[in-house]
Structure formats: C-alpha cells, structure tokens
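Structure, as structure tokens:
The values are calculated or read from the model by the stated rules, or taken from the named source; none is laboratory data. None of the values given here were measured: they were computed from a predicted structure. Note: ideal-geometry Cβ built from the backbone for every residue, glycine included; neighbour counts use all protein chains shown. All accessible areas refer to the heavy atoms of the entire protein, side chains included, with ligands and DNA or RNA removed. Shrake-Rupley method; radii C 1.70, N 1.55, O 1.52, S 1.80 Å.
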Amino acid sequence: MTRTLQPSTLLGGMAPDAFMKRYWHKRPLLIRQALPGFTAPLSREALFALAGQDDVESRLVTRSRKCWQLDHGPFDRDDLPPLTRRQWTLLVQGVNLHAPAVHDLMGQFRFIPDARLDDVMVSYAADGGGVGPHLDSYDVFLLQAHGQRRWRISAPHDTSWQEGVPLRILKHFEAEEEWVLEPGDMLYLPPGYAHDGEAIGECMTYSIGFRAPLEQELLQNFLYYLAENAPELPFGRHFDGRYADPKQPAVQKPAALPDAMVDTLLAQLERVKWGRREVSDFLGRWLSEPKSHVYFDPPEKPLTHARFAAAAALGGVRLSPKSQLLYERNRFFINGEPLEVPVNTRAALRKLADDRAISGGECTVFAQKDHQIQEILYDWYAAGWLLPGADPGPPRKLRAIAKKAA
Ligand code: SIN
Ligand code: CO
C-alpha cells in the first residue's frame, strides 16, 4: 500500500500536512485532477451486482417532480429503474470491503488516522439524479469517478430539514459556489457543509468518508464498555458483594428511599475510576469493531500451520479489506478484539497495522525473532481476518501450496 506524505496531485500539489493544517475539518477544497486519468475501477454493472448482495448496504433514491422516494436494498437488477429514466440514484456503502481496487484507492487517504476512516460509498446517478441539498456529519472526499456532476455548496446557515420527505433535505439552500466535476476531480467537504450534487448525464461518484462520532455517542459507548467490563477493571473488585443494611431502623414512611442506601451507593460509585488505559482500550475495541453487516470468510479448507508458515515466508501476508487493526502502545485491537503481546512481537504487528501487509522476507525475519507471531497470524488467517500473499491475488506458487494442502 502506497502512503506518501509528499505533495501530490491528490491534494492539488499540497503536502498532506499542509492540507490537514489548512483544510481538514475546517473548509472545503476543490482539487482538479486529483487523480489524473482516473477511471472508475468498478463498472456500473459491477456496482448494481453489489447492490444485490445482502451483506451490502444500499439505497435507491428516486425523484419525480418534487416527490422523493427512498428504498433500501438489496436490489435485484429488475428493482432498479431503467437506465433511460432520469433522476434516480443508487448509493452503495462500504464498497471498499468488497472491491480490492476501491480498498486500495482508500489507502491513498491514510495520511488521516484509520480511527477516523469510515468507508467508501459509491453512487451511480442517472441524468439529473442526486440526493438533494443536505449536509453530512462526516468529512468527505467526493471523487468524480465517471461522467460529470455539478456540485453546489454553501456554509451552513439554516439547518432545518424539509418535512414529509423520506430523506434529509435542507429546507433552505442557496449555493455560494458551484463547479462541474469531471472524472479525477475531487471535492473535500468538512462536516456540516451544505452540498447538492446533480448528475449531468449518467455519473458515478466515490465518497471517501471519515466519521466524526458525536460526543454523546462516545460517552454512551464508553459507559457501556465500563458496564460490560466492570468485573475485570481495577475498580470492579469493590463491587463483589451485595448491599447490606444491618443498621436499618424501623420506618414510619415506607415509601421513602432510605438515605443510607443513597449514601452507600454514592460512596461506592465514587470508587469507579478510569484512566488512559481504559479509555484507549475502549476506543481500540469500539473503533475496530466491524459494522453489523460485515461477515468474514474463513478459509473452507485452511492450510496446516506448516504450510501457512511456508506460504507467509514466500509471499507475505495481508489483512483482509474487512479487517481493522489498530494499536496503542503495546496493545492491539483487531475487529473489536483486544490483544496484548510481548515486546518481540510488537514491531511485526505494528508494521502489519500500518502497511496492512508484511512481505515474505519480513515474515521470515519476524518469525526468527519470535515464534508467537506465527501463531497470531495463523489464528487471524483461520478467522478470515488475514490472507496469505502480501499483494491481492496470491501468486501462482502460493496457489499451488494452497492446492496441495486442499
Ligand atoms: C452522492 O454521491 O450522490 C451523494 C454523496 C453525498 O452527497 O454525500
Ligand atoms: Co453528502
């Protein structure tokens, strides 16, 4: 996976650092020919086929005059309007999980932490199609992949939504700027920026989206984490008994909550303590958790340990596009699961997390230093989280090894 912090066309000749300082989460940026000569890696038919899968989230937005309709997939080809019809759009979420070329494209944006990355949504729109003026709570790079689209944008003024429509469309929208994007052009929008994209002829747009969780969502999920993990957390040992009231006197007002009960619980809850460790443990698990419709594909006939080690030494390993591997200091989080590893294993796993792959040579060197790495990689392979072969599509030799083992 190529990751460069040098200036490139992707950010209009700007280095990622300058982009992050001047634009990220602050103001929009139009980049003409961010990807010169770009052609959509996924055909219209391939996208329609994805929208027919039940492990893929898709939506269909159709418009006739001022009436909007929203339907949720999966869609058979016959469920989609004819190509000759105007003003409809199909939106397919998480295409990076299913199309290796789209996953690789997303890799170009890894100057932004994976912790913020959400997915690549691909839309196909017939002439005049779009989802109406709206705003998102996401940072998004809108890459024009095929055909032309007119984008009109505005800083948010009035964020009230139209009533009686099945999707969120701004009641008042007045464009401050507008552009027609051609294939390879890209528009970056920070969260909350109003935008309206209308297809000029049929077009496809790739939205590389970065989630910014609501603070309330973070708090709620952290509190769930505390609740779920309380017995193992350091404060948990203070909660191993049962409420006791040997000093409770007889009462004349039986409905009143006893003061002693409130005070006892208050004193006990004051022992609930957390620090950086608990917060990073929560974030690592939560952010690496696969979305509800993600299913892994464990190998039907897994290689033996020995054959897997031989395949890894020959061609390396790579993470499945569906896997999320994050780390914080000496702790790793893969697909929602935490893992603590000894010092010797850390360098290999950090490399795998940052590059999403390790070469055959590196696998050999890492395995010589520490054999626990082989066990970890094998377990992840057996779970469908990791694949042999550092590059997509295992080389012929690896296929031969796999065949022999079958
Ligand atoms: C689209 O691709 O039609 C919608 C993308 C967006 O507005 O976020
Ligand atoms: Co949007």
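Of the residues R318, R307, R285, only one is closer than 17 Å to W385 by Cβ and assigned to a helix (DSSP H, G or I); which?
R285
Restricted to the range 122-138, and to residues that are near ligand 1 (Cβ under 7 Å from one of its atoms) and modelled with pLDDT of 95 or more, which residue is surrounded by the fewest Cβ atoms within 10 Å (Cβ to Cβ)? Steps first, please.
Looking only at the range 122-138, we keep the residues that are near ligand 1 (Cβ under 7 Å from one of its atoms), and these are 123, 125, 130-131, 134, 136.
If we keep only those that are modelled with pLDDT of 95 or more too, we end up with 123, 125, 130-131, 134.
Working: S123: 26, A125: 27, G130: 24, V131: 21, H134: 18.
In this case the residue turns out to be H134.
Looking only at the range 100-114, count how many residues are open to solvent by 40 Å² or more (accessible area, probe 1.4 Å) and either under 21 Å from L218 (Cα atoms) or within 16 Å of ligand 1 (Cβ to nearest atom) (or both).
So the answer is 1.
Looking only at the range 62-95, which residues are polar (S, T, N, Q) and at pLDDT below 95?
S64
Only one of (1) away from ligand 1 (no atom under 11 Å from the Cβ); (2) under 26 Å from the mean Cα position of the chain (by Cα) fails for W179. Which number is that?
Among (1) away from ligand 1 (no atom under 11 Å from the Cβ); (2) under 26 Å from the mean Cα position of the chain (by Cα), the lone unmet condition for W179 is (2).
Suppose we filter A175, A125 for residues that are within 30 Å of A101 (Cα to Cα) and in the same structural domain as F38 (by TED's automatic domain parsing); which single one remains?
Residue meeting the stated conditions: A125.
Take the residues of the range 205-242 that are of a type in the set (G, A, S) and more than 16 Å from ligand 2 (Cβ to nearest atom): which is modelled with the highest pLDDT?
Top of the filtered list is A227.
Return yes when G184 is assigned by TED's automatic domain parsing to the domain that holds Q108 and either at pLDDT 95 or above or in contact with a Pro (Cβ under 9 Å, 6 or more places away or on another chain) (or both) and no when it is not.
Against the criterion (assigned by TED's automatic domain parsing to the domain that holds Q108 and either at pLDDT 95 or above or in contact with a Pro (Cβ under 9 Å, 6 or more places away or on another chain) (or both)), G184 qualifies.
Looking at R277, is it without any contact (Cβ under 8 Å) to a residue 24 or more places away in the chain, in a helix (DSSP H, G or I) and of a type outside the set (D, E)? If you could, list the steps in order and put the result at the bottom.
On the way: without any contact (Cβ under 8 Å) to a residue 24 or more places away in the chain: yes; in a helix (DSSP H, G or I): yes; of a type outside the set (D, E): yes.
Judged against the criteria, R277 is a match.
Give the residues of the range 39-74 that are closer than 20 Å to R86 by Cα, more than 21 Å from the chain's Cα centre (by Cα), of a type outside the set (A, V, I, L, M, F, W, C) and loosely packed, with under 14 Cβ neighbours inside 10 Å, sorted by residue number.
S43, E45, S64, R65, K66, Q69
Just one of A348, A367, A390 is open to solvent by less than 60 Å² (accessible area, probe 1.4 Å) and not in a helix (DSSP H, G or I); which is it?
On inspection, the qualifying residue turns out to be A390.
Which number in (1) in contact (Cβ under 8 Å) with a residue 24 or more places away in the chain; (2) open to solvent by 40 Å² or more (accessible area, probe 1.4 Å); (3) within 16 Å of ligand 1 (Cβ to nearest atom); (4) within 28 Å of H293 (Cα to Cα) marks the one condition that G94 misses?
(2)
Looking only at the range 189-232, which residues are within 16 Å of ligand 1 (Cβ to nearest atom) and more than 30 Å from S123 (Cβ to Cβ)?
none
Which fully enclosed strands (runs of 3 or more DSSP E) of the range 169-273 have 1 or more residues being loosely packed, with under 15 Cβ neighbours inside 10 Å?
Here the list reads 177-181, 194-211.
Determine, yes or no, whether A145 is in contact with a strand residue (DSSP E or B) (Cβ under 6 Å, 6 or more places away or on another chain) and either within 14 Å of ligand 2 (Cβ to nearest atom) or in the same structural domain as A115 (by TED's automatic domain parsing) (or both).
Considered against the rule, which asks whether it is in contact with a strand residue (DSSP E or B) (Cβ under 6 Å, 6 or more places away or on another chain) and either within 14 Å of ligand 2 (Cβ to nearest atom) or in the same structural domain as A115 (by TED's automatic domain parsing) (or both), A145 comes out as yes.
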